Amino acid sequence: MTRTLPPVSRRQVLAALAASLAVPARAQSGTGWPAIEARARGQTVYFNAWAGSERINAYLQWAAAELQRLHGVKLEHVKISDAAEVVKRVRGEKAAGRQDGSVDLVWINGENFLTMKREGLLFGPFAETLPSFQHVDVTGKPTTRLDFSEPVEGLEAPWGMAQLTFFADRRFVPAAPRNMAALLDFARAHPGRVTYPRPPEFHGTTFIKQALLESASDRAVLYKPFSPAALAAATGPLWSYLDALHPQLWRAGKQFPQNSAAVRQMMADGELLLALTFNPNEAANEIAARRLPDTVYSFQFAGGTIGNTHFLAIPVNARAKEGAQVVANFLLSPAAQARKADISHWGDPTVLAIDRLPPTDRALFAARPLPGQVVQPMPTLPEPHGSWVDPLEKEWLRRYG
């Protein structure tokens, strides 16, 4: 039987996780920000970032032009498909004693951040010394200081917010399932019309983590580093749930789509009734691009869905550390965050506390709700500790892969 998280329990979890994070990050040295900006001028920053979206690529092209104009910093987007590739490269360069690394800045979070932090592959702390960090919402969005329940400690700068969100066409799904138990009932009522991406694709992994959270009798263990005993004790109800769900899925759960884009297209084609995303604005983006009809709506589960922050980190052997800090600071600025949050450009939710910005900056975020946007956001459930990701994926593959 699945369980939803009572609001008080969620608050207690977030408070416990964030309690030790209120101490500002230490500065790397006595160097002030004007000196960092001066040293950054003329540097080239190799920013390793996922390149699977035309909108994101276009946004980074805009940012590159602004950084060159305002700061004399050249931003090169090194297009990657998986941040794990970057972790391996930085690890290899460090092992070889290379001080002029090939990566100056990386878009990262989760288990990749945990690996880099544990292996001493990150420069910092630097994040909370950035001038733009003063606008980050560290109280209302505690995951800006927690990455998959691992304290960030200034080793990466928050860049954007994400939360598991589902969408459907109200012509065919007038009433959406509001928790994982209801989703199982929905799948039984509509066999073959529901599915999720195959882990380790992160949307698929997030789906099973959502099921894990809702089925767990004690969530506290999920926010501590993984152990085999904890995995065995905590995941029994999860596998029982998936054993019941899979026969009702597309192709009877014998095959799974490779990614969320495939699920979205199958929904657009009428093959599926539900799709899922980690960007609450994705359906609105797709409607604006006329790839989905304006009868599509987005929703989150009543008890909350998994959410996190994605970050910018600087490897320990980066060549352009000053330039990387200037880039991170610019990408945290109200102007850059507002453009990123704008559906016409990207539609990635901001990490800033909009209500505490100066009026001129706050006005940059003013926009009317669009078709497909989440009407009533639900609570954000913090991610289990990043060390759980790999063993969960391996066990899923052993059972269902």
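Can you name every residue in segment 176-218 that is at pLDDT 95 or above, among the small types (Gly, Ala, Ser) and assigned to a loop (DSSP other than H, G, I, E, B)? Selection gives Ala176, Gly192. Go through the residues of segment 156-174 one by one and say whether even a single one is at pLDDT 95 or above, among the β-branched types (Val, Ile, Thr), under 30 Å from Phe299 (Cβ atoms) and not in a loop (DSSP other than H, G, I, E, B). Yes, the conditions are met somewhere in segment 156-174. Within segment 248-265, the set of residues being over 28 Å from Pro382 (Cα atoms) and touching a residue at least 60 places away in the same chain (Cβ under 8 Å) comprises Gln248, Ala252.
Six or more apart or on different chains, Cβ atoms under 8 Å: show the pairs whose first residue is in segment 114-136 and among the aromatic types (Phe, Trp, Tyr) and whose second is surrounded by fewer than 22 Cβ atoms within 10 Å (Cβ to Cβ). From residues that are among the aromatic types (Phe, Trp, Tyr), the pairs are Phe123/Gln28; Phe123/Val316; Phe126/Ala25; Phe126/Gln28.
Consider segment 329-346. How many of its residues are buried (at least 24 other Cβ atoms within 10 Å of the Cβ) and more than 18 Å from Leu130 (Cα to Cα)? Residues flagged as buried (at least 24 other Cβ atoms within 10 Å of the Cβ) and more than 18 Å from Leu130 (Cα to Cα) within segment 329-346 amount to 0. If you go through segment 61-89 and keep only what is outside any helix (DSSP H, G or I) and among the acidic types (Asp, Glu), you end up with Glu76, Asp82.
Does Ser240 satisfy the condition of being surrounded by fewer than 21 Cβ atoms within 10 Å (Cβ to Cβ) and hydroxyl-bearing (Ser, Thr, Tyr)? Judged against the criteria, Ser240 is a match. Just a yes or no: is a residue in segment 311-328 among the aromatic types (Phe, Trp, Tyr), surrounded by 24 or more Cβ atoms within 10 Å (Cβ to Cβ), within 20 Å of the chain's Cα centre (by Cα) and over 17 Å from Pro158 (Cα atoms)? No, segment 311-328 has no match at all.
The residues of segment 19-60 that are at pLDDT below 50, in contact with a helix residue (DSSP H, G or I) (Cβ under 9 Å, 6 or more places away or on another chain) and assigned to a helix (DSSP H, G or I) amount to a single one, Leu21.
Screening segment 86-99 for residues that are touching a residue at least 24 places away in the same chain (Cβ under 8 Å) and within 29 Å of the chain's Cα centre (by Cα) and picking the one that is surrounded by the fewest Cβ atoms within 10 Å (Cβ to Cβ) gives Arg91.
Considering only residues that are assigned by TED's automatic domain parsing to the domain that holds Ile56 and among the β-branched types (Val, Ile, Thr), look in segment 336-379 and name the one that is nearest to Phe311 (Cα to Cα). So the residue we want is Val351.
Among the residues of segment 139-161, those identified as among the β-branched types (Val, Ile, Thr) and within 16 Å of the chain's Cα centre (by Cα) are Thr143, Thr144, Val152.
Scan segment 327-355 for residues that are among the charged types (D, E, K, R), assigned to a loop (DSSP other than H, G, I, E, B) and at pLDDT 95 or above and the total you get is 0.
The values are calculated or read from the model by the stated rules, or taken from the named source; none is laboratory data. Since the structure is predicted, the reported quantities are computational estimates derived from the model, not experimental observations. Heads up, the Cβs are rebuilt from the backbone with ideal geometry, glycines too, and the neighbour counts pull from every protein chain shown.
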